[in-house]
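First comes the structure, then the notes that go with it.
The values are calculated or read from the model by the stated rules, or taken from the named source; none is laboratory data. This one's a predicted model, so the numbers in the text were calculated from it and none came from an experiment. Note that we place each Cβ from the backbone using ideal geometry, even for glycine, and neighbour counts take in every protein chain shown. Just so you know, the surface numbers come from the protein's heavy atoms only, side chains and all, with ligands and any DNA or RNA stripped out. Shrake-Rupley method; radii C 1.70, N 1.55, O 1.52, S 1.80 Å.
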Amino acid sequence: MNELVGEKHDVLDDGFVRLIDYFGSDEAIAQAARVSYSKGTKTVQDDANLVRYLMRHEHFSPFSMCQVKLHARMPLFINVQWLRHDRFHWNLMSARYSVMPKEKWLGDTEWRMPSSTNKQAGDALLDTTTQIEADTIQSTAYSLSERYYQELLELNVCREQARSVLAFGQYTEGFVTANLGDWLLFLRQRMDPHAQKEIQVYANVIYDILYELFPVTMQAFIDYQYKSVSFSRLEMNVVRDLLSKNINIFDLTPSERVKLLEEHGLDSKRERVEFFKKIK
C-alpha cells in the first residue's frame, strides 16, 4: 500500500483530511491523451510536456482518468459549500441513523469583519474585546444546541428530527470521491483568496495530498491555472494599446487611467479595479 494512504492531515480545530484510495498517475494522464496502450513508448519528459500542454490549453478530460477518494471531517457550513461541487460522490455520516458527535467548530478568536467591498468576510479581525465576546456567544449557542439535542433524544424523538436543533458549526464526516479533473476545478475555486478562509484550509491540504500523487499535474495546475491570469478581449485591447504606445499605465494620473480604460469599453469601476489587480 502506498505510504501516503491513511495519513491524516489535521484541519481547523477538529477536522481532518485523509487519503483513502486512488488510481492513476501523471503517466496515465499522458497515455490517455495519446489514446495509447503501449507503456514506455514515450519518455518521462515527453509525458510531462504533454501533461503541461493539456493543462495549459484546459483539455481536462484526460485528467478524469484518475480517481481520488478522501475521508474528510468538517463543519456543516463547510460541507454545504463542498456539496455545491455536484460531480463529487459523497457517503456522509447520517444524522438520521447516528447520534452526531459533540465536537463543533470554534472561531478561536479569529472572527473576521465584513468586507467593505462585497458581502463576504474581509481580512480585518475584530478587536480583542469583541473577539472574546464572540467566542462566548458561540460557546453558549453550542451548549444550548447540544443540550436540546440530547434532551430531544432522551424524549425518544427520532434522530432525524432531533438533528434540527444542531448548530451549523457541528462537525460531520464522510468519504468523498472524484476524478482528478473535478478535484482541480474544486481547488481552482476553493484555493482562491476570495473563497471562505476555512474551506481554503481544506483545499490547501487536498492540494498537498494530490501533489504527492500527481506532481507533474499539480505543478502544471499551479503554473497555468491557479497562478495564471486571463484577460478579456477588452483588456487585451488595452494591453496592446499600451505596448504599441510604450506607455506605463501607472505613470498616468488616475483620471487619465479611467479615460483610457473607458475608451476601450471598461466602463464599470469594478471591471477597471479587476484589470489593475491583474496587471499589478
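Among the trypsin sites (Lys or Arg not before Pro) in the range 180-244, those placed in a DSSP loop whose Cβ has at most 13 other Cβ atoms within 10 Å are 227.
Among 56, 163, 257, the residue with the largest mean-square fluctuation in a Gaussian network model of the chain, with springs joining Cα atoms closer than 10 Å, is 257.
Over the chain, dividing the summed -39,500 (n - 2.57) contributions of all DSSP H runs of at least 4 residues by the number of residues returns a 222 nm mean residue ellipticity of -14000 deg cm²/dmol. A simple spin-label model places pseudo-atoms 7 Å from Cα toward Cβ; at residue 84 and residue 59 they are separated by 3.2 nm. Computed over protein heavy atoms with a 1.4 Å probe, the carbon and sulfur contribution to the accessible area of the range 130-258 reaches 54%. Under the criterion of Cα pairs below 8 Å and six or more residues apart, the relative contact order for the chain equals 23 percent. Just report the Cα centroid separation between the range 228-280 and the range 183-199, whole Å. What the calculation gives is 27 Å, centre to centre. For the range 112-271, the per residue solvent-accessible surface stands at 59 Å², with DNA, RNA and ligands left out and a 1.4 Å probe. Taking amide H as placed 1.01 Å from N in the peptide plane, residue 11 has its amide H under 5 Å from the amide H of 16, 17, each at least 5 places away in sequence or on another chain. R0 = 45 Å: FRET efficiency of residue 153 with residue 280, Cβ-based, nearest 0.05? Efficiency computed from Cβ-Cβ geometry: 0.25. Between residue 21 and 69, the built amide H atoms are under 5 Å apart, and every one of these is 5 or more places off in sequence or on another chain. Among the listed pairs 119/269; 69/102; 227/280; 8/227; 8/69; 8/104, a Cα-Cα separation exceeding 21 Å is found for 69/102; 8/227. Using θ = phi - 60° in the Karplus curve 6.51 cos²θ - 1.76 cosθ + 1.60, the 3J(HN,Hα) couplings for the range 148-160 round to 5, 4, 5, 5, 5, 5, 5, 7, 6, 6, 5, 4, 5 Hz; x is entered for Gly and Pro. Dipole orientation for the chain: of the candidates 258, 152, 25, 258 has the Cα lying most toward the positive pole (charges on Cβ; Lys, Arg +1; Asp, Glu -1).
Residue separation of residue 250 and residue 270 scaled by 0.36 nm, minus their Cα-Cα distance, works out to 5.4 nm of gained length.
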